[in-house]
1. Filter the stretch 379-393 down to residues that are more than 21 Å from residue 458 (Cα to Cα) and buried (at least 16 other Cβ atoms within 10 Å of the Cβ) and give me whichever is modelled with the highest pLDDT.
2. Hey, does the stretch 260-267 have a residue that's surrounded by fewer than 16 Cβ atoms within 10 Å (Cβ to Cβ), at pLDDT 90 or above and in a helix (DSSP H, G or I)?
3. Of the residues 146, 92, which single one is crowded, with 22+ Cβ neighbours inside 10 Å and modelled with pLDDT of 95 or more?
4. Just to check your reading of the model, which residue among 134, 170, 183 is touching a helix residue (DSSP H, G or I) at 6+ places or on another chain (Cβ under 7 Å) and assigned to a loop (DSSP other than H, G, I, E, B)?
5. Whether any residue in the stretch 314-329 is within 21 Å of the chain's Cα centre (by Cα), farther than 29 Å from residue 147 by Cα and in the same structural domain as residue 138 (by TED's automatic domain parsing) is what I want to check.
6. What's the total number of residues in the stretch 394-427 that are touching a strand residue (DSSP E or B) at 6+ places or on another chain (Cβ under 7 Å) and either within 22 Å of residue 363 (Cα to Cα) or at pLDDT below 90 (or both)?
7. Residue under question is residue 128, and the condition is that it be over 14 Å from residue 321 (Cα atoms) and either out of contact with any helix residue (DSSP H, G or I) (no Cβ under 8 Å at 6 or more places or on another chain) or crowded, with 19+ Cβ neighbours inside 10 Å (or both); does it hold?
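The values are calculated or read from the model by the stated rules, or taken from the named source; none is laboratory data. Model, not experiment: these values are computed from the prediction. Note that each Cβ is placed from the backbone with ideal geometry, even for glycine, and that neighbours are counted across all protein chains shown.
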C-alpha cells in the first residue's frame, strides 16, 4: 500500500478542501438550528428544563452523555438565549463526522495513508446520507468506530491504548448498531492482544480487556433489541430494511449514487478485468449521475424528502462493518487493490463528497424556507391554539417535500414556543393526531415545557385558550405497514416527567 499512499498524497489539497467545505456546512447547519428537525425539538426542550442528559433508552445512555454535554455545560455557564444554545447544540451534533474524518487522517500513519480511502468512502458514501436526521446515536457510533479501528490497526504504543479507552468508553451503551460493530472491534482487540503475547504482557492484557468491553457493548445492544424500551421500535426496525426508501417507497437519491459507486469498485476489486473493460462507460455515466443528484433539489425540491434519511441510517451501520472488514484484509494482504482502481476510487468519492455536501447545504436552505414560513405564520395568528392544516405550512409539499416528517405530534407545538416572536407566547400551532404518540398536549399546562428560565412565558396563550372554543384535533389513520405491527405501548414514555 506504500505506492497507493503516494497516490492519495497527490489529492491532499482536494481532501483539505473537502474538510473546509464540510466545516462550512456544519457552521451553516448550526446557524440554521437544524437540530430542531422533528425529534430534535423534544430532546432540546427537555434538556433546557432538567439541565442533564436525557434518561430515555438505557442502552444509549453513554451516547446521550457525549451528545448533550456541550449544551448542558453552556446552560450551566449562564447562557440563557435559546438560539445561542441551539446553535451550540447543533454545531456539536453535526460535527461528529468531520471530527472523525480529520482525526483519521492524522491517526493513519504517513506510509499507510492509502487506508484513508475507507473512512472517505464511509463518510461520503453512507454517513452523510443520515445527516438530516441528527438524533440517532448511530452517527456517533460509526464516527468513534473508525477512530478506534485505525488506532488498533496501525498503532502499538501506550498512547494509542489510552486514546482507545478514552474514545471508546461510550460504546458500552451507545446504540443497537453496536451489535454489529462491537464484535468487529472485539475481535480486532483480541487479534492485537495476540500480537503482544511474546513481547509485552501488559499491553496484551490491556487489549484483552478492551476486547471484552466491546463484546459487552454488543451484548447490551442485543438485550435492548430483545426487550426495547418502546415496543413500537420494532416498527422502525422493520421499516429500516427498506434501506434506501421511506415507507411511501420514495427513494434517497444520494444513497443510490453512493451504492452505485461502491458496488462498482467492489466488483472491480474482485474482477479487475471488468474495471478495465467498463471504465470508459463508467466515468462519463458517474459524472452525469453525480450532476443530476447535485442539481435534483433545484429541479425537483421534493426529492430532498428528509424522511428517507431515517431509512439509510441502517446502511451507515452495515456498510461501516463491511468497509472495516475489507480494510483489515487489505492490511493483511488478503485483498489487493490495483493502483488504477485505487486512484479512480479516490477521485470518485471526492466527487461524491462535493455532491453530498452540496445536497446537505440545499436541504438546509429548504429547512430555512420552512422556518421562514412557520415564523411568519406564527406571528400572524391570533392568540390561542391553531391547527397546522389551517395555516400556510402545508404549502410545502407534505407528502414528499421537506415538510414530510416535519409535522410530528410534538414538533409544531414546541417550535411555536421556541420561535414565538415575543417572550410572552400567545399562539401555538398544533399538528397532532389522536392515535399517534402525543407527549406534548397544548391543552395541558403541565404537559407544555416550562421555559421561563429562558424568558418564555405561557400566560397569554393559556388565557386565550380558556376563552377559545375547543379545537378538534383530526384523526389520521396509521399507514398500512404500521398497522401490521401496531401495539398498545404508543405514548408509554413521558418525556417531560420530573
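1. The initial filter retains those residues of the stretch 379-393 that are more than 21 Å from residue 458 (Cα to Cα), namely 389-393.
Okay, now just the ones that are also buried (at least 16 other Cβ atoms within 10 Å of the Cβ), so 391, 393.
Details: 391: 79, 393: 75.
Among residues in the stretch 379-393 that are more than 21 Å from residue 458 (Cα to Cα) and buried (at least 16 other Cβ atoms within 10 Å of the Cβ), the one modelled with the highest pLDDT is 391.
2. First pass over the stretch 260-267, keeping only residues surrounded by fewer than 16 Cβ atoms within 10 Å (Cβ to Cβ): 263, 266-267.
Now restrict to residues that are at pLDDT 90 or above: none.
Among the residues of the stretch 260-267, not one is surrounded by fewer than 16 Cβ atoms within 10 Å (Cβ to Cβ), at pLDDT 90 or above and in a helix (DSSP H, G or I), which makes the answer no.
3. Values: 92 fails: crowded, with 22+ Cβ neighbours inside 10 Å.
Result: 146 is the single residue among 146, 92 that is crowded, with 22+ Cβ neighbours inside 10 Å and modelled with pLDDT of 95 or more.
4. On the way: 170 fails: assigned to a loop (DSSP other than H, G, I, E, B); 183 fails: assigned to a loop (DSSP other than H, G, I, E, B).
Sole residue among the options that is touching a helix residue (DSSP H, G or I) at 6+ places or on another chain (Cβ under 7 Å) and assigned to a loop (DSSP other than H, G, I, E, B): 134.
5. Filtering the stretch 314-329 down to residues within 21 Å of the chain's Cα centre (by Cα) leaves 314-324.
Of the ones still in play, those that are also farther than 29 Å from residue 147 by Cα are none.
Taking every residue of the stretch 314-329 in turn, none turns out to be within 21 Å of the chain's Cα centre (by Cα), farther than 29 Å from residue 147 by Cα and in the same structural domain as residue 138 (by TED's automatic domain parsing).
6. 4
7. Values: over 14 Å from residue 321 (Cα atoms): yes; either out of contact with any helix residue (DSSP H, G or I) (no Cβ under 8 Å at 6 or more places or on another chain) or crowded, with 19+ Cβ neighbours inside 10 Å (or both): yes.
Yes; evaluated as a whole, the condition is true for this residue.
Condition check ((1) touching a residue at least 24 places away in the same chain (Cβ under 8 Å); (2) under 28 Å from residue 354 (Cα atoms); (3) touching a helix residue (DSSP H, G or I) at 6+ places or on another chain (Cβ under 8 Å); (4) assigned to a loop (DSSP other than H, G, I, E, B)) across all residues:
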| residue | (1), (2), (3), (4) |
| --- | --- |
| 13 | no, yes, no, no |
| 16 | no, yes, no, no |
| 20 | no, yes, no, no |
| 24 | no, yes, no, no |
| 29 | yes, yes, yes, no |
| 44 | yes, no, yes, no |
| 55 | no, no, yes, yes |
